[in-house]
1. Considering only C-alpha atoms, what is the centroid distance from region 222-279 to region 487-518, in Å?
2. Determine the shape class of region 404-537: with a ≥ b ≥ c the square roots of the Cα gyration tensor eigenvalues, call it rounded for a/c under 1.5, and otherwise prolate if a/b is greater than b/c, oblate otherwise.
3. Quote to one decimal, in nm, the extra length available between residue 234 and residue 527 on full extension: 0.36 nm per residue of separation minus the C-alpha distance between them.
4. Place the peptides 290-302, 414-426, 494-506, 331-343 in order of packing, highest mean first, counting for every residue the other Cβ atoms within 10 Å and averaging per peptide.
5. How many angstrom lie between the Cα centre of region 384-405 and the Cα centre of region 167-215?
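The numbers here are math on the coordinates, done by the rules we state, and not lab data. This one's a predicted model, so the numbers in the text were calculated from it and none came from an experiment. Ideal geometry is used to build each Cβ from the backbone, glycine not excepted, and the neighbour counts take in all protein chains shown.
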Ligand code: GDP
């Protein structure tokens, strides 16, 4: 294997480059304003060039090239592909990893969360924490990801700021420490007081929010006759008296969130959020490693030779050539295009010749990358989610979690002459993690079961089975509604319960499936010793 050791000078560069990376995702419920906020972050970072906000969306919406895959995205109006937006601001390099908003793709989002160093939790000021936010939050908490919370749509009636604190404490058991405080009631939002400096940033609307909003910065005494400002300052004094100060350690281990108020559509509060990402969001740090048994085994230092984690594999992003793109998060070392790396799972060497930077739907060749960056490897057929790639020194990272599925169908081969295509298609989709492909080991010639966190996953699976693999498939309802990961020793007890079954994935993972939540609860009550885990690994 040929390798390019880092020159001593480059090692210094590496530390500097890693320190200026900010790799994050936005987690939210659909419609909370993620697309809008993303675009406004780009606007404030100056990453839209001369373009006005609205251009990114317009570009994403211009899907003249169609394939069946794209068609599905287009007709459903759902973004299926995960993309990476990379932009620079104040000397920092941001990698914003997009997360599919649709609930059916929350597994993809889970994987994205294994590749970020921080997340912005976006909530609608009127609706608060919604189901999808909750699921994602649970994963973020399990991974102890530092969270910045942006309370959006403050230009409309919604919860008052103290109510928001209460709401987060009760629904998420999360301590929220406001770093700015809104002036003006929700719906009559004027600006924010920066808690640290005490300065009042009064915003001005711009037409359609297309340009950076001019800000007027006022200090105490400048506008004492403004009753809203006076009120906000009183509230803040009250808060200062009763609530804890911002604790960087609690923020970094995810036990407290930094809270911001704003309105993405009118640009209010976007600037402060962006500077907070620079100041607070952590730069990449040494990634935890595990041994062959999955037990903790130290960490990969940033300046170790290159290692990266495949956190997402996307097929057919480009309809003109049905290719696969594997997204690799750089965890250590410097990545160079053309580098030959080892895939830890297969032991095979892989030349990273087709490495790209992916900006929305556009690609550019990527010559080098540093910890925190995401490289899109095009055409690497044998890369799977969870694979570790490394140079020289083997690396092994903890498995990526995925959510227990909630939807189940039997999948039938409708054309016996094409059984091979059917089998190959299923294998591939299971490997890619598009759906779980499960079998009932007990039965003689078992009909495979597809399982996912949403029905849309099945549509994608059928679509790809037919168009990509030339199989013909039929789906039949399966009777289960909830699943948990279990251990082989627990299988007999679970199988004895009425309304319960155990299915097995190709990698040996055992999934207990239940006809109803009730069946599961009864089993948990009667047999507290059973392993019934909500999170799986891939
Ligand atoms: P996503 O589904 O989370 O990506 O949400 P979008 O960014 O597409 O926004 C959903 C809707 O909320 C759109 O109609 C936006 O114009 C609107 N929206 C987003 N941010 C704000 C905001 O700050 N205030 C108001 N009033 N509407 C907003």
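1. Comparing the Cα centres of region 222-279 and region 487-518, I get a distance of 47 Å.
2. Working: a/c = 2.19, a/b = 2.04, b/c = 1.08.
The shape class here is prolate.
3. Working: separation 293, 0.36 × 293 = 105.48 nm, distance 5.38 nm.
Extending this stretch completely gives an extra 100.1 nm.
4. Working: 290-302: 12.8, 414-426: 15.2, 494-506: 17.2, 331-343: 21.0.
The peptides rank, most packed first, as 331-343, 494-506, 414-426, 290-302.
5. If we compute the Cα centre of each part, the gap is 39 Å.
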